[in-house]
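Here is the structure we will look at, set down as structure tokens.
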Amino acid sequence: MVIRYRKLRAILWTALCWQCVSSTLTSNTILQNTTHVSQNAARQTLAEVSFAERTSVDNLLENYAKAKDRLTQLLRHDYGNEYYAMIFEPGSSRGRTVIQPPGGFDVLSNSWDRLKARIMIKLIDVLRSPTPQPFVWATGGHSSAAGHGNFYDESYTAVLTRNVKQIFEAVGMQFIGRNYAMGGSDAAPEAAWCNEEIFGTDLDVLVWDYGMTDGRDVSKMAMYCYRAALNPSKPACIALHCGKPSQQPRASALRTLEQLGATVLISNENVLEQCMDAIPESQGISDYELQKMPLYVRHFKCGGLVESGDPYCGAEKYNHTDCTQRKFMAKWHQGWRFHALHGNLMALFLTELVGDALQSLKDSTQSLEDLQKDLIREENERYDLLTTSPLPTYFEDMVKDRGDLQLEHIFKSPNFCHTARVPAEIRHKGILTGGPPGDLFHYDEGVPEGQARNVENDSEFMWLVQDPTTRQKCDIPLNLDNKDYFYVKGMDGKKKLILPNDAEVSEYGRGQTPIGLIAMCLSVCDWGKCPKGDVQIEQYEQNEGTIEINGQKVTGFTKIGRCSFLRHGDGHYFTPNSDFQV
């Protein structure tokens, strides 16, 4: 792929796929651990139980009960006995009601049971092997889901990970939480197409938390969860924070996917509202009474307003122990108490699921081997149903004037995604740039933007460039999401991207011949204000830049959301070279 611009600056936010090209960027550096939050590692981490202590279902049930009691005591300490009962256990655990199947619990083969079955499969492996079985939860979402304004370890995904970790360790499993939410992003098409490269191919749960950016466009959530279900690891997709006005249409779309075989769940907005209603008032009481309130409910609600109002709810919304001038402490972002509450609710949800899985194992009359075979067979049958069923009709309106574009290719077929955004597994593992494997905090960060703007690129390839707008300096990790990008400027002349590279084929290839359908996602300018010289699709259409695919000139674009399919004179499908690359 060769790109030439006549303008001075263009950002190609490109995560290129075989059928879709999309781009992204991110980078950088963060340490670990942080806050005044009382749930520190010493309190929540249960040492991994030995293999001898988990060789029977009864052993696991005993270990689970002890770990669940420790989690309960932790929450009672943080919220106080009175408020714990009101918020988390008003008669029964909120973990049983805060997340639900879109069609309800009475539906045969509902998604609660499907996710429970997945945990049962892993628990049977636990009983056979001394190696802990991983359970991977990844959060996709907008800036609030990323925890903007807070320390990274205060996000609800971090709270969930710390507090539910002991439950999974008690039964021989390793809980892995990934907060890969990205400020200012929506669920589709880019994140949907790129879910393997961003979130991973080892997922058990992928969260949709894009309500603020997707708005009422239910099709974006549907595409995101549909593509998640096609991930080789067959994860559950959980839609969080939908908002009451959008609860029913989102549940309806997810129910369609559930009927097609996907495992999909949705947060119960009524339960979330009841939890918030149970938060005590901090307004109208004495300072002495305020100081007696547990930290996790003190200054949470003032005059009926959550994280707002006097005396201190607005002022104490964010943690001011360090880096007090950090970015993104905005009114539309949630503070640390909100994240703690919702992370703890998710921890209770998973705790109940693990308990159900253990009880189902105990109650089963089958041998563990036969039971596991049946559960795996049923999961594969649902996956086959999903891949062979016609596409949901609401996808048809996402691409206008399709020409020769085939919807099955756009929404169902596998693709490669060459994305620069971080956090992303493709960056952390060194797959994007061919470097050594790293991790969340250590990876090839690319070229600083200042250098990219002012220094001529004398290589034949586009530079991977750091976006500086969201990076912050603090000894305690803040937000990790950065919109890095691929870049070429006027003085550079022609520059290339090769898609896919050898590492991408090795990691994400499925042995299928590429069909040469390419989509491109340009970087989004903050608040729509692009710098002088920036080249967007409109400038391409006015011949202010050129793109070639294996010598074939791109002559037009077909938009889908923030991305565009590339077109030549005879249609959208380009011919790969002898190495099946563009």
Being of a type in the set (Asp, Glu), within 19 Å of Leu407 (Cα to Cα) and not assigned by TED's automatic domain parsing to the domain that holds Gly430 is true for just one of Glu190, Glu196. Which residue is that? Glu190
Helices (runs of 4 or more DSSP H) contained in the stretch 356-463 and holding at least 3 residues free of Cβ contacts under 8 Å to residues at least 60 places away in the same chain and under 20 Å from Met120 (Cβ atoms): 368-388
Would you confirm whether or not the stretch 419-430 contains a residue that is touching a strand residue (DSSP E or B) at 6+ places or on another chain (Cβ under 8 Å), more than 30 Å from Gly511 (Cα to Cα) and among the basic types (Lys, Arg)? no
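Can you tell me which of Ala117, Ala85 is in a helix (DSSP H, G or I), without any contact (Cβ under 8 Å) to a residue 40 or more places away in the chain and not charged (D, E, K, R)?
Details: Ala117 fails: without any contact (Cβ under 8 Å) to a residue 40 or more places away in the chain.
Step by step, each of Ala117, Ala85 is checked, and only Ala85 is in a helix (DSSP H, G or I), without any contact (Cβ under 8 Å) to a residue 40 or more places away in the chain and not charged (D, E, K, R).
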Can you say whether Ser308 is under 30 Å from Leu371 (Cα atoms) and polar (S, T, N, Q), as far as the supplied structure shows? no
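Just give me the residues in the stretch 318-354 being basic (Lys, Arg) and either assigned to a loop (DSSP other than H, G, I, E, B) or free of Cβ contacts under 8 Å to residues at least 12 places away in the same chain (or both), in sequence order.
In the first step, residues of the stretch 318-354 are kept if they are basic (Lys, Arg); the result is 326-327, 331, 337.
Passing the criteria: Arg326, Lys327, Lys331.
Do we find a residue being hydroxyl-bearing (Ser, Thr, Tyr) and over 22 Å from Ser185 (Cβ atoms) anywhere in the stretch 483-493?
So in the stretch 483-493, the residues hydroxyl-bearing (Ser, Thr, Tyr) come out as 485, 487.
When the remaining residues are screened for being over 22 Å from Ser185 (Cβ atoms), the result is none.
The answer is no; no qualifying residue exists.
Can you go through Glu62, Glu48, Glu53 and tell me which one is assigned to a loop (DSSP other than H, G, I, E, B) and either closer than 23 Å to Ala170 by Cα or at pLDDT 95 or above (or both)? Before you say what the answer is, go through the steps one by one.
On the way: Glu62 fails: assigned to a loop (DSSP other than H, G, I, E, B); Glu53 fails: assigned to a loop (DSSP other than H, G, I, E, B).
The conditions single out Glu48.
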Could you say which residue among Asp492, Asp502, Asp526, Asp481 is more than 17 Å from Glu548 (Cβ to Cβ), touching a residue at least 24 places away in the same chain (Cβ under 8 Å) and in contact with a strand residue (DSSP E or B) (Cβ under 9 Å, 6 or more places away or on another chain)? Asp481
Inspect the stretch 507-519 for any residue being closer than 23 Å to Glu456 by Cα and out of contact with any Leu (no Cβ under 9 Å at 6 or more places or on another chain) and give the result as yes or no. no
Among the residues of the stretch 238-261, what is the count of those that are touching a Ser or Thr at 6+ places or on another chain (Cβ under 8 Å) and not in a helix (DSSP H, G or I)? 7
Exactly one condition in (1) outside the structural domain of Ala138 (by TED's automatic domain parsing); (2) under 30 Å from Asn268 (Cα atoms); (3) not polar (S, T, N, Q) is not met by Lys373; state its number. (2)
In the stretch 135-160, the residues that are part of a strand (DSSP E or B) and within 19 Å of Ala424 (Cβ to Cβ): Val136, Trp137, Ala138, Thr139, Gly140, Gly141
Out of the stretch 88-112, which residues are assigned to a helix (DSSP H, G or I) and closer than 13 Å to Glu352 by Cβ? Phe88, Arg94, Gly95, Arg96, Trp112
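Answer yes or no as to whether Thr213 is within 27 Å of Gly335 (Cα to Cα), surrounded by fewer than 24 Cβ atoms within 10 Å (Cβ to Cβ), not assigned by TED's automatic domain parsing to the domain that holds Cys521 and not aliphatic (A, V, I, L, M).
Details: within 27 Å of Gly335 (Cα to Cα): yes; surrounded by fewer than 24 Cβ atoms within 10 Å (Cβ to Cβ): yes; not assigned by TED's automatic domain parsing to the domain that holds Cys521: yes; not aliphatic (A, V, I, L, M): yes.
Yes, satisfied.
The rows are residues; the columns are (1) surrounded by fewer than 20 Cβ atoms within 10 Å (Cβ to Cβ); (2) modelled with pLDDT of 95 or more; (3) over 28 Å from the mean Cα position of the chain (by Cα).
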site	(1), (2), (3)
Leu350	no, yes, no
Asp363	yes, yes, yes
Glu379	yes, yes, no
Leu386	yes, yes, no
Is it the case that His299 is buried (at least 16 other Cβ atoms within 10 Å of the Cβ) and touching a helix residue (DSSP H, G or I) at 6+ places or on another chain (Cβ under 6 Å)? no
If Cys275 satisfies every condition in (1) surrounded by fewer than 18 Cβ atoms within 10 Å (Cβ to Cβ); (2) touching a residue at least 12 places away in the same chain (Cβ under 8 Å); (3) assigned to a helix (DSSP H, G or I) but one, which is the exception? (1)
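Please find, within the stretch 281-309, the residue that is nearest to Met329 (Cα to Cα) out of those that are among the hydroxyl-bearing types (Ser, Thr, Tyr) and in contact with a strand residue (DSSP E or B) (Cβ under 8 Å, 6 or more places away or on another chain). Full working, then the answer.
Our first condition is that a residue be among the hydroxyl-bearing types (Ser, Thr, Tyr); within the stretch 281-309, this holds for 282, 286, 288, 296, 308.
Checking which are in contact with a strand residue (DSSP E or B) (Cβ under 8 Å, 6 or more places away or on another chain) leaves us with 282, 308.
On the way: Ser282: 21, Ser308: 13 Å.
Filtering first and then ranking leaves Ser308.
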Is one or more of the residues making up the stretch 415-432 closer than 21 Å to Ser185 by Cα, small (Gly, Ala, Ser) and surrounded by 14 or more Cβ atoms within 10 Å (Cβ to Cβ)? yes
Exactly one of (1) surrounded by 24 or more Cβ atoms within 10 Å (Cβ to Cβ); (2) closer than 30 Å to Asp475 by Cβ; (3) in contact with a Gly (Cβ under 6 Å, 6 or more places away or on another chain) is unmet by Ala191. Its number? (2)
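The values are calculated or read from the model by the stated rules, or taken from the named source; none is laboratory data. From a predicted model like this one, the values you see are computed outputs, not experimental measurements. Here the Cβ is made from the backbone with ideal geometry for all residues, glycine too, and neighbour counts use every protein chain on show.
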